[in-house]
Amino acid sequence: MAKQAIQFSKKKRTQYRFQKLKMCKKCNRYSVLKDENCPSCGTSFVGIESLVKSIFKNRLFTEITWILIIISIGIIAAPTVRSLYFSLITGFLFVICYVILTSIFMKSEYFTQLKKLLRVDLKKIAAGIQFDSDLAKKDVKEERLAPAYEKLREIGDFIYNDQMKIRRVMALNEIVLRSDMELELEPLVPSSYDKDFVKYALEVVKINRSLMMKKGITYFIKHREAIIRDFGMESLISVAGTTLRMKLYIQEFAPFIEEFLDYFPKERILRLCSILQTNPDVDWGSLEDKTRRLVTMKYHYDPDFKRFAYDEGAVSHV
Ligand SMILES: [Zn+2]
């Protein structure tokens with residue numbers, strides 16, 4: 001199958017993950033997808049926050065009804081006018097106290113209600129996500145890769161296992177990746193070696209090397225032998241090159257960088273020299289000496305390296 005050139009829609013961002021949960025009241029089923037209407041019956045989904053609010057409102061309504069009933073009984077059963085007034089005043093004060101206390105604890109009551117709903121409906125939520133996942137599977141089968149990936153991306157916010165990560169990666173490997181897509185790498189790093197993931201990661205590095213961060217680099221170092229076997233040495237060199245973006249990465253992955261130093265293109269070495277020079281107080285270990293040696297040997301006559309003042313004298317002690 002040839003790779004598909006497609007456009008993803010923007011990912012829905014919410015402050016908390018639970019805010020993506022919604023429910024079809026007719027099918028009594030949860031979903032985490034972006035659709036506004038239930039794909040089974042067409043009814044509009046109700047967001048979890050609206051669900052909690054309506055449960056909260058119903059509870060308030062029941063409580064207020066009970067308070068009014070008790071006050072009414074007090075008034076009806078009052079033997080004298082004096083006790084009738086007494087019932088009215090205490091009832092009135094009670095209602096005011098109730099309103100004040102409810103408004104003070106409204107927010108915490110809302111979250112208590114939300115936690116309760118999530119706990120009680122946990123199995124139902126899991127079943128809903130499974131249904132969403134089956135819809136994504138159907139999209140992949142019918143080669144509708146954009147909606148399939150968008151579904152998997154939303155589900156991926158709730159399910160972090162390797163199987164879900166690899167399903168997303170496999171869909172991405174069938175798509176022509178572009179820099180304007182909202183690509184992710186770190187959240188897709190699996191716990192063990194996976195060829196599909198490495199293939200995707202190498203493609204991402206070509207498009208946007210800033211997506212290769214600590215977790216991704218560590219993964220490449222950990223599975224280096226399998227990666228060299230399946231993708232060749234060049235793949236590790238390109239990942240080692242991404243570590244030169246930041247001073248912190250250079251410090252953390254210095255032995256990895258040293259190993260591939262001789263293979264880096266000139267612009268990467270220039271970048272490394274520039275970081276080493278602007279941070280003279282940092283202990284770079286043997287990386288600094290090795291870089292000096294390389295520059296002296298390979299770029300001795302290159303004017304671009306003149307500003308680093310690496311001469312033969314500088315490496316004579318190495
Ligand atoms: Zn429905």
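Just need a number here: residues in segment 118-167 that are in a helix (DSSP H, G or I) and either open to solvent by 40 Å² or more (accessible area, probe 1.4 Å) or among the aliphatic types (A, V, I, L, M) (or both). Can you show your working first?
Within segment 118-167, the first condition is being in a helix (DSSP H, G or I), and the residues that meet it are 118-120, 122-141, 145-155, 162-167.
This time we only want the ones that are either open to solvent by 40 Å² or more (accessible area, probe 1.4 Å) or among the aliphatic types (A, V, I, L, M) (or both), so: 118-120, 122-127, 129-131, 134-138, 140-141, 145-148, 152, 155, 162-164, 166-167.
Of the residues in segment 118-167, 30 are in a helix (DSSP H, G or I) and either open to solvent by 40 Å² or more (accessible area, probe 1.4 Å) or among the aliphatic types (A, V, I, L, M) (or both).
Go through Lys53, Lys11, Lys26, Lys57 for me and flag whichever is among the basic types (Lys, Arg), away from the ligand (no atom under 16 Å from the Cβ) and not in a helix (DSSP H, G or I). Quick ask: steps written out before the conclusion?
Working: Lys53 fails: not in a helix (DSSP H, G or I); Lys26 fails: away from the ligand (no atom under 16 Å from the Cβ); Lys57 fails: not in a helix (DSSP H, G or I).
Among Lys53, Lys11, Lys26, Lys57, only Lys11 is among the basic types (Lys, Arg), away from the ligand (no atom under 16 Å from the Cβ) and not in a helix (DSSP H, G or I).
Could you tell me whether segment 85-108 includes any residue that is basic (Lys, Arg), part of a helix (DSSP H, G or I) and surrounded by 14 or more Cβ atoms within 10 Å (Cβ to Cβ)?
We begin by selecting, within segment 85-108, every residue basic (Lys, Arg); these are 107.
Subset that is part of a helix (DSSP H, G or I): 107.
Restricting the remaining residues to those that are surrounded by 14 or more Cβ atoms within 10 Å (Cβ to Cβ) gives none.
The answer is no, given that none of the residues of segment 85-108 is basic (Lys, Arg), part of a helix (DSSP H, G or I) and surrounded by 14 or more Cβ atoms within 10 Å (Cβ to Cβ).
For Ile70, which of the numbered conditions (1) touching a residue at least 12 places away in the same chain (Cβ under 8 Å); (2) away from the ligand (no atom under 16 Å from the Cβ); (3) under 30 Å from Lys141 (Cα atoms) fails to hold?
Against the list (1) touching a residue at least 12 places away in the same chain (Cβ under 8 Å); (2) away from the ligand (no atom under 16 Å from the Cβ); (3) under 30 Å from Lys141 (Cα atoms), Ile70 comes up short only on (3).
In segment 243-274, how many residues are crowded, with 21+ Cβ neighbours inside 10 Å and among the polar types (S, T, N, Q)?
Of the residues in that region, 1 qualify.
What number of residues within segment 35-48 satisfy the criterion of being in contact (Cβ under 8 Å) with a residue 60 or more places away in the chain, open to solvent by 60 Å² or more (accessible area, probe 1.4 Å) and more than 9 Å from the ligand (Cβ to nearest atom)?
Looking only at that region, the number is 0.
Which of the residues that make up segment 208-227 are of a type in the set (A, V, I, L, M, F, W, C) and either open to solvent by 60 Å² or more (accessible area, probe 1.4 Å) or within 21 Å of Leu294 (Cα to Cα) (or both)? Lay out the reasoning, then the answer.
Taking segment 208-227 as the starting set, the residues that turn out to be of a type in the set (A, V, I, L, M, F, W, C) are 211-213, 217, 220-221, 226-227.
The one that is of a type in the set (A, V, I, L, M, F, W, C) and either open to solvent by 60 Å² or more (accessible area, probe 1.4 Å) or within 21 Å of Leu294 (Cα to Cα) (or both): Met213.
The values are calculated or read from the model by the stated rules, or taken from the named source; none is laboratory data. Since the structure is predicted, the reported quantities are computational estimates derived from the model, not experimental observations. Counting neighbours? That spans all protein chains shown, and the Cβs are built from the backbone with ideal geometry, glycine included. For accessibility, only protein heavy atoms count, side chains too; no ligands or nucleic acids. Shrake-Rupley method; radii C 1.70, N 1.55, O 1.52, S 1.80 Å.
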